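Structure, as structure tokens:
The values are calculated or read from the model by the stated rules, or taken from the named source; none is laboratory data. The structure presented is a predicted model; accordingly, all values stated were derived computationally and were not measured. Methodologically, a virtual Cβ is constructed for each residue, glycine included, from the backbone with ideal geometry; neighbour enumeration extends over all protein chains shown. For the accessible areas, the whole protein counts, side chains as well, though only heavy atoms, and no ligand, DNA or RNA atoms are used. Shrake-Rupley method; radii C 1.70, N 1.55, O 1.52, S 1.80 Å.
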Amino acid sequence: MHSRTVYVISDGTGITAETFGTALMAQFDIKPRIVRIPFVDTVDKAHQAVRQINHTGEVEGKKPIVFSTLVNQDVVAVIHDHCQGLLMDMFGTFVQPLEDELGMKSQHRVGRFSDISQSKEYLDRMEAINYTLAHDDGQTNHDLSGADVVLVGVSRSGKTPTSLYLAMQFGLKVANYPLIPEDFERKKLPPALEPIKKKLFGLTIDPIRLSTIRNERRPGSRYASLENCRSEVHEAEAMMRRAGVNWLSTTTKSIEEISTTILQEVLPQRLGVGLHG
């Protein structure tokens, strides 16, 4: 059972507000239920959101926590005047002090990122996502030289989700390539990777954790057996060590932590230039 309901209200997608709110709630030892209400850009939608929030409070007997990123003042007024939850107005909290410090008014634009689809950055991100999907799990060797980074590691070590995160958040073209028993027998990286060795970054994982993950996909198979997982991880790490490929263990790390480490090691100039919408 969840111990508190948390609402995220935005005039846009609400993804940024949800990320921030979730990070704050993670500081407390409770299990919140996150409810995102996007595109609250009219007074009528604001009243609908207020009714939903207040009803939750009545049913649960606890104030919902509400993270808000609204800029339309009429909409904001409805939330402030009628919402019976604990309201955390993120724009009010941060934008006002910034306006004072910078000596200028913010643009106060509804859906601030709604016009991003027309920008070069957005188009580049779409191209990066398409590239990353096409080069997932070694599907093709075409244009590997065009990758910003190529992730290598055994199957189910976290390559695909990390690749997609790097593409979506940073607009990077990421290929990922599985290391398989045939590679271990040759004691060498796959031939397609040799010319781009400087772009490689390895992911490894604790064999016990790997076995658990693989058993969810193929229960009782040799592929998922602990013995095989130990062998594959050992051979993969030895191969990356011989080839001079930097690598890290994904066992206890989040995708965000893995991606940040990769950026630090391979593309430090891209840190801090993530795309949001």
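Descriptive notes on the structure:
- You will find that of Ile53, Ile30, the residue that is of a type in the set (A, V, I, L, M, F, W, C), within 29 Å of the chain's Cα centre (by Cα) and crowded, with 17+ Cβ neighbours inside 10 Å is Ile53 and no other.
- Selection status of Pro32, farther than 16 Å from Asn72 by Cα, without any contact (Cβ under 8 Å) to a residue 60 or more places away in the chain, of a type outside the set (D, E, K, R) and in contact with a strand residue (DSSP E or B) (Cβ under 6 Å, 6 or more places away or on another chain): yes
- Yes/no for Val95 being assigned to a helix (DSSP H, G or I) and either among the hydroxyl-bearing types (Ser, Thr, Tyr) or in contact with a helix residue (DSSP H, G or I) (Cβ under 6 Å, 6 or more places away or on another chain) (or both): no
- Of all residues in the range 165-189, none satisfies the criterion of being over 10 Å from Ala128 (Cβ atoms), open to solvent by 50 Å² or more (accessible area, probe 1.4 Å), within 18 Å of the chain's Cα centre (by Cα) and among the hydrophobic types (A, V, I, L, M, F, W, C).
- Residues located in the range 12-21, provided they are within 13 Å of the chain's Cα centre (by Cα) and closer than 16 Å to Leu86 by Cβ: Phe20
- Scanning the range 71-91 for residues that are free of Cβ contacts under 8 Å to residues at least 12 places away in the same chain and either closer than 15 Å to Leu24 by Cα or open to solvent by less than 50 Å² (accessible area, probe 1.4 Å) (or both) turns up just one, Ala77.
- Every residue from the range 57-70 that is crowded, with 20+ Cβ neighbours inside 10 Å and not aromatic (Phe, Trp, Tyr): Pro64, Ile65, Val66, Ser68, Thr69, Leu70
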